[in-house]
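The values are calculated or read from the model by the stated rules, or taken from the named source; none is laboratory data. Keep in mind the model is a prediction, meaning the values are calculated, not measured. For neighbour counting, all protein chains shown are included, and Cβ atoms are generated from backbone atoms with ideal geometry for every residue, glycine included. The accessibility values were calculated without ligands, DNA or RNA, using every heavy atom of the protein model including side chains. Shrake-Rupley method; radii C 1.70, N 1.55, O 1.52, S 1.80 Å.
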Amino acid sequence: MSAATLLTPASTPATPDARPRGLVARADERSYVRVLVVLDTSILIIALLVGYVARFGDEEPSGSKIPYVLVAPGLVLAWLLSLKALGCYDDRVVGYGADEYRRVSSASLRLAGAIAIAGYIADVGVSRGFLGISFAVGTVGLEVTRFAARKRLHRARSRGAGWSRKVLVVGDTAHVLELVHTLRREPYAGYQVVGACIPDALLAPVAQRLGDVPVVGSFRGIPEAATAIGADTVAVTASGELTAARLRRLGWQLEGTGVDLVVAPALTDVAGPRIHTRPVAGLPLIHVEAPEFRGARKLVKGFVDRSASSLALALLLPLIVVIALAIKLDSRGPVLFRQVRVGRGGQEFGVFKFRTMVVNADTLLAELAARNETDGLMFKMRDDPRVTRVGRLLRKWSLDELPQLANVLLGQMSLVGPRPPLPSEVARYDGDVARRLLVKPGMTGLWQVSGRSDLSWEDGIRLDLYYVENWSLAADLTILWKTFGAVMNSRGAY
């Protein structure tokens, strides 16, 4: 069935008067930015108070040519202006991605450097201890409040509320559907599709829908369609009719309308650090760097894995002993369960886990195969009768995976990586899925912080391949941080 057959007559008008919705979105955006400004100002005032008290206590400061009662407000104002200058309140930055955090840190560090240089040249005598403590507390505080504000925004967006961009998608039907699916897969990113424009040849005289997205026009009237449905963003995806000249003309038509133009390339699941745009002969060519599977960063990752796993094993030893006793008292059988998994390069190894099932669990699997609740190559069911009482508790809090710290220490696994597959799964891999074996499997990964067993097989593989192609030490730290939240929520743990 061709993509064109997915076009269906709309049961409701395809071009409702959605202008108020666009105005509300802009108002919500401005309200969110105002909240950020208030939060940032509060944090900076607190940071300066902490710096003052920590440095001087009850003493009267001396040696400064400028009284601190003037230094503090001036520093708050300069800090806010620095945040503004580096785009920390830009709607294209706030609410999603790591760039917001990088800009906040950069603005703080640049201001600290500028004040240090200016203070040395002018010899104003402001305490370096006061400035150092204030900037340290303020920078950390700004990052934490941004994180908290973002999480609240993401929860609101996932419920269909909160500030989101209203997107008009433009392109061929197949590419429009793919982009719509991608944007809806992560609603917390804040891109809400409100309509689509398709090639003129596919436009019918009656109202149409592409899936559940109303078709509001063709390529001839994109600006008018965006205005009609209150869209504040036009996302252009692939289409043979959208030539370079036509796309450039669309950019001119959107100038001064307040509608942003976004071009979605066919290349997906590539992280920002690997992408570089270089203008060549007037064309913005996208250069994509090859994934890195060896080198100095890999050595650092291995060192961090082994150091962290050895420290964790030492700190968690009392908990491990308690869990071992509980398993032994709860059911017959060994404490540890060793299962053959496949690691980097297809090498098999024995992964260690606390036993959470009855001893003859493997022999009972055939009887339960028809009750599998997942697609793909894995077997999962929420109320698996093979799981013991202690095992359910261990799985809920992911405590059954603690022995895998030994696998990390032995160099067979990493703290962060793709899920370690079974040999039976690997035997059925195709060429694309086999790329998961280019890196070490991990105790946690994108699959775990994104839903674990609640994910479909396809989504789990997509996340694993994304990690393989785009891993970084910073991303590993982020995933480890998110793992604590995923474990506390027990989402997808069964």
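See the values below:
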{"read-out": "Listed pairs Lys84/Lys396; Lys151/Lys396; Lys166/Lys298; Lys301/Lys328 exceeding 32 Å between Cα atoms", "value": "Lys84/Lys396; Lys166/Lys298; Lys301/Lys328"}
{"read-out": "In the stretch 401-471, trypsin sites (Lys or Arg not before Pro) in a DSSP loop with at most 15 other beta-carbon atoms within 10 Å", "value": "Arg428"}
{"read-out": "Integer Hz, Karplus 6.51/-1.76/1.60 couplings in order for the stretch 456-468, x for Gly and Pro", "value": "6, 4, 4, 5, x, 5, 4, 5, 5, 5, 4, 5, 4"}
{"read-out": "Residues of the stretch 137-174 with amide N under 19 Å of the 7 Å Cα→Cβ point at Arg249", "value": "170-172"}
{"read-out": "For peptides 27-35, 391-399, 416-424, 316-324, sequence by mean Cβ density within 10 Å, most packed first", "value": "416-424, 391-399, 27-35, 316-324"}
{"read-out": "Carbon and sulfur %, accessible surface of the stretch 176-267 computed with the full protein complex present, 1.4 Å", "value": "57"}
{"read-out": "Share of carbon and sulfur in the accessible heavy-atom surface of the stretch 416-474 [1.4 Å probe, %]", "value": "55"}
{"read-out": "³J(HN,Hα) computed for each position of the stretch 70-81 - Karplus, 6.51 cos²θ - 1.76 cosθ + 1.60, integer Hz, glycine/proline x", "value": "9, 5, 4, x, x, 5, 4, 5, 5, 5, 5, 5"}
